[in-house]
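Asks: Input: one structure, supplied below.
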Amino acid sequence: MKNKFLLLLLLSFISLKAQQDTIRLKDLVVSDVFIFEADKVQNVLLISDSVIQKSPYSLTDLLKLNSPVFFKEDGYGMVSSPSFRGTSAQQTSVFWNGINVNSLFLGQSDFNTINSYDYEEIAVKLGGGSVVYGSGAIGGSIHLNNELNFNQQTEHEVNLLGGSFGTAQMGYKLKSGKDKWAFNLVLNRNQSKNDFEIKKKNYKNLNGKFYANTLGFNVGYKINNHQKLFFYNQAHSDLRHFSLIEPTENKTKYYNDNIRNLVHWNFNSVKNKANVKAGYIYEKFRYFDDVDATNYLSSGTVSSLVLKTDYRHTFYKNLNLSVLGQVQKSYAKGDGSGIGKEERLGESIATLLSHQVSSKLYYEAGIRKEFSNDFKSPLLYSLGFNYEYLKNLKFKINYSKNFRMPTFNDLFWQPGGNINLKAETTNQLEISNEFNNGKIDFNVVLYYNKIEDMIRWVPTLKGYWAPENTHNVESKGFETYLNAKLYSSKDFNLKLNANYAYTKAINKQNNELLPYVPKNKFNGTISSDYKNWNFYLQNLYVDEFRINESETNKVKAYTILNTGLYYAFGRENKFNIGVDVYNLTNKIYQSMPNRYMPPRQYLLKIKIQFI
């Protein structure tokens, strides 16, 4: 272990000594640089700022309406789990400015606790990425990035939202930059009584209120033309009362706190690029079995220290060699959960080779090895090609081996934890054809994913549930993506965005479909701009899906329509007011069994920008 740690420190030292080739950096820097390069051999969706502004506050709503990802929600605003290509939430990684922020207790992120307003850029990477991003990046990964812009005029932005069921959001952003400094501040609160009723079902959402507060502070300093230093900070706190299925159930609540700090040194020259990041991540939860209780039933905290570095050297003819390393030390402590004091030391080293052979041909290859004190990791690898075989037509192919380590809960939860678990591994093949002529961007992606030693919690003869490496899973399907500019003139523009996914995930032990994996999912948005007006109509369709491996127990398919109208006015259209109507047809539907989602909902949004 010590030798591997010294190797990583040596890599950091090499990065710091990268030769000083003169180059003028772009004034805009995003911390997670590898996500953009992943698009060369895999599919990456970039969610634009205008789409983020028009979406509800939660990351769940943003992505289920604008990506092929399916979400299991225990009611509106409650626990939300993504499923990429038939995989589980634990097989999805979430990154904050390039640092993995999945809970080490659960091995996943709750997407209803992440507010999309807090970020300037959100990227969705579909498919395996463990060679670059490590454990959990099996089905896909979400990348939440804050931008810092030098030489930017100081701007203030105020966002206000209010609407049905006691829903409200108040957000403030400050962006500023000079020649040497860049600054970004985000304050945000969202809340809801979440007390909707469905009269036809004689149903009222009881004990469903929630709130969340976020403070983000980011600053950058330009040392010289090729070196910059950044500091990112985020503090988040939320409370949720868990909605009841039956009025007689016990009312419970859950507090969640997160603190994230990251120092990032960036170097960029003609032939050398380097990044060194040092981060501190803290998470804490408290669960109360009664909303009026003052003493929690269970709690847990995890503190993690992360050192992450990468160095790239460019040889002749656009041949690049990158070396990546990471050390993470985590300390966990539980109370009432059976988890005592636990530690995890994880280290990794990876090498990537990429080559732009010609204007039409690009390839990349990589290997990665992880080391941990409590599990064994296989050797990971990836190989991808991008070839433009006709004008505006690109062919991509990528093959990779990926993995997921067991979580603290998997290993140590009592009763049930299993310290003999093996890491999940996958072999994945992805092929895509992309057409882009400037007006139409159309992409078709086919994939095959084989998961071995999948970890599942199953009932035991002793009356409790325990995790086991139960079976192998085969997931296959295809996705289509369309972005089209249907009409464009000085005063009028018409656009169409649509995503479709077909997924078939099978338990190879019994050849049955996996539960909570709809075969078909579609979302599409048609939007128009006429002078200062903007109008959109949005559709979401989710096919029926099983809730267990029985053919008879299913959640019905549903179709949702949303619409909105916005008007911009004032100097440079800095004032924006709009009305959204979600679930326009007042559809009665469920995302999970016995968990009704809201009926028709009205929201008023006001956005003000000023210097």
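Asks: Going by the structure shown, is Ile506 under 21 Å from Tyr582 (Cα atoms) and either of a type in the set (A, V, I, L, M) or touching a Pro at 6+ places or on another chain (Cβ under 9 Å) (or both)? Lay out the reasoning, then the answer.
Replies: Working: under 21 Å from Tyr582 (Cα atoms): no; either of a type in the set (A, V, I, L, M) or touching a Pro at 6+ places or on another chain (Cβ under 9 Å) (or both): yes.
Answer is no for this residue.
Asks: What is the residue count in region 270-297 for residues that are free of Cβ contacts under 8 Å to residues at least 60 places away in the same chain and over 23 Å from Ala235 (Cβ atoms)? Talk me through it step by step, then tell me what you get.
Replies: Within region 270-297, the first condition is being free of Cβ contacts under 8 Å to residues at least 60 places away in the same chain, and the residues that meet it are 278, 280, 282, 284, 286-290, 292-297.
From what's left, over 23 Å from Ala235 (Cβ atoms): 289-290, 292-295, 297.
Total satisfying the criteria: 7.
Asks: Still on this model: Restricting attention to region 423-445, does a residue exist that is within 30 Å of Gly107 (Cα to Cα), open to solvent by 40 Å² or more (accessible area, probe 1.4 Å) and not aliphatic (A, V, I, L, M)? Write out each step before concluding.
Replies: Applying the first criterion (within 30 Å of Gly107 (Cα to Cα)) to region 423-445 yields 423-432, 445.
Add one more test, that the residue is open to solvent by 40 Å² or more (accessible area, probe 1.4 Å), and what stays is 429, 431.
When the remaining residues are screened for being not aliphatic (A, V, I, L, M), the result is none.
There is no residue in region 423-445 that is within 30 Å of Gly107 (Cα to Cα), open to solvent by 40 Å² or more (accessible area, probe 1.4 Å) and not aliphatic (A, V, I, L, M).
Asks: Touching a residue at least 60 places away in the same chain (Cβ under 8 Å), closer than 15 Å to Ile142 by Cβ, of a type in the set (A, V, I, L, M) and surrounded by fewer than 19 Cβ atoms within 10 Å (Cβ to Cβ): is that true of Leu59 in this structure? Show your work before the answer.
Replies: Working: touching a residue at least 60 places away in the same chain (Cβ under 8 Å): yes; closer than 15 Å to Ile142 by Cβ: yes; of a type in the set (A, V, I, L, M): yes; surrounded by fewer than 19 Cβ atoms within 10 Å (Cβ to Cβ): no.
No: the conditions fail for Leu59.
Asks: Then there's this: Hey, can you tell me all the residues within region 238-261 that are polar (S, T, N, Q) and either assigned to a strand (DSSP E or B) or open to solvent by 20 Å² or more (accessible area, probe 1.4 Å) (or both)?
Replies: Across region 238-261, the qualifying residues are Thr248, Asn250, Thr252, Asn256, Asn258, Asn261.
Asks: I'm trying to understand the selection: among the residues of region 302-340, which are surrounded by fewer than 16 Cβ atoms within 10 Å (Cβ to Cβ) and not in a strand (DSSP E or B)?
Replies: Selection gives Phe315, Tyr316, Lys317, Asn318, Gly336, Gly338, Gly340.
Asks: Here's something else I'd like to know. Look through Gly216, Gly220 and report the one residue that is touching a helix residue (DSSP H, G or I) at 6+ places or on another chain (Cβ under 7 Å) and surrounded by 16 or more Cβ atoms within 10 Å (Cβ to Cβ). If you could, list the steps in order and put the result at the bottom.
Replies: Details: Gly220 fails: touching a helix residue (DSSP H, G or I) at 6+ places or on another chain (Cβ under 7 Å).
Answer to the check: Gly216.
Asks: Which of the residues belonging to region 153-208 are closer than 30 Å to Asn224 by Cβ, assigned to a loop (DSSP other than H, G, I, E, B) and touching a residue at least 40 places away in the same chain (Cβ under 8 Å)?
Replies: Gln153, Thr154, Asp179, Lys180
Asks: Pairs under 6 Å by beta carbon, first residue under 9 Å from Phe210 (Cα atoms) in region 232-243, partner basic (Lys, Arg) and assigned to a strand (DSSP E or B), six or more apart or different chains?
Replies: Qualifying pairs under 6 Å: His241/Lys253.
Asks: Still on this structure: Return the residues of region 371-391 that are in contact with a strand residue (DSSP E or B) (Cβ under 6 Å, 6 or more places away or on another chain), at pLDDT 90 or above and open to solvent by 40 Å² or more (accessible area, probe 1.4 Å); say none if nothing qualifies.
Replies: Those that are in contact with a strand residue (DSSP E or B) (Cβ under 6 Å, 6 or more places away or on another chain), at pLDDT 90 or above and open to solvent by 40 Å² or more (accessible area, probe 1.4 Å): Leu379, Tyr381, Leu383, Phe385, Tyr387, Glu388, Tyr389.
Asks: Can I ask one more? Look at Ala235 and say whether it is in contact with a Leu (Cβ under 6 Å, 6 or more places away or on another chain), within 21 Å of Ser192 (Cα to Cα), in a strand (DSSP E or B) and not β-branched (Val, Ile, Thr).
Replies: Values: in contact with a Leu (Cβ under 6 Å, 6 or more places away or on another chain): yes; within 21 Å of Ser192 (Cα to Cα): yes; in a strand (DSSP E or B): yes; not β-branched (Val, Ile, Thr): yes.
Here the answer is yes, as Ala235 does meet what is asked.
Asks: When region 574-595 is examined, which residues are found to be within 13 Å of Tyr76 (Cβ to Cβ), part of a strand (DSSP E or B) and open to solvent by less than 40 Å² (accessible area, probe 1.4 Å)? Working first, answer last.
Replies: Within region 574-595, the subset within 13 Å of Tyr76 (Cβ to Cβ) is 582-583, 589-592, 595.
Next, from what is left, pick out any that are part of a strand (DSSP E or B): 582, 590-592, 595.
Passing the criteria: Tyr582, Ser591, Met592.
Asks: Residues in region 504-517: is at least one open to solvent by 40 Å² or more (accessible area, probe 1.4 Å) and among the β-branched types (Val, Ile, Thr)? Write out each step before concluding.
Replies: Initial filter on region 504-517 (open to solvent by 40 Å² or more (accessible area, probe 1.4 Å)): 504, 508-513, 516.
Then drop every residue that is not among the β-branched types (Val, Ile, Thr), which leaves none.
Scanning region 504-517 turns up no residue that is open to solvent by 40 Å² or more (accessible area, probe 1.4 Å) and among the β-branched types (Val, Ile, Thr).
Asks: Give me a count of the residues in region 262-301 that are out of contact with any Ser or Thr (no Cβ under 6 Å at 6 or more places or on another chain), open to solvent by less than 40 Å² (accessible area, probe 1.4 Å) and of a type in the set (A, V, I, L, M).
Replies: Total meeting the criteria: 3.
Asks: Please work out which one of (1) surrounded by fewer than 18 Cβ atoms within 10 Å (Cβ to Cβ); (2) at pLDDT 70 or above; (3) in contact with a His (Cβ under 7 Å, 6 or more places away or on another chain) is the condition Asp32 fails and give its number.
Replies: (1)
Asks: Give me the pairs, please: first residue somewhere in region 542-563 and basic (Lys, Arg), second residue anywhere and assigned to a loop (DSSP other than H, G, I, E, B) and loosely packed, with under 13 Cβ neighbours inside 10 Å, beta-carbon distance under 8 Å, and either six or more positions apart or on two chains.
Replies: Filtered contacts from region 542-563: Arg546/Asn553; Lys554/Glu544; Lys556/Glu544.
Asks: Do we have any residue at all in region 78-99 that's open to solvent by 10 Å² or more (accessible area, probe 1.4 Å), over 26 Å from Asn520 (Cβ atoms) and of a type in the set (Phe, Trp, Tyr)?
Replies: No, every residue in region 78-99 fails to be open to solvent by 10 Å² or more (accessible area, probe 1.4 Å), over 26 Å from Asn520 (Cβ atoms) and of a type in the set (Phe, Trp, Tyr).
Asks: Let me ask another. I'm checking my understanding of the structure. Among residues of region 100-110 that are open to solvent by 20 Å² or more (accessible area, probe 1.4 Å) and of a type outside the set (S, T, N, Q), which one is nearest to the chain's Cα centre (by Cα)?
Replies: So the residue we want is Asp110.
The values are calculated or read from the model by the stated rules, or taken from the named source; none is laboratory data. Quick caveat, the model's predicted, so the values are computed rather than measured. Cβ atoms come from the backbone with ideal geometry, glycine included; neighbour counts cover every protein chain shown. SASA here: full protein model, heavy atoms, side chains in, ligands and nucleic acids out. Shrake-Rupley method; radii C 1.70, N 1.55, O 1.52, S 1.80 Å.
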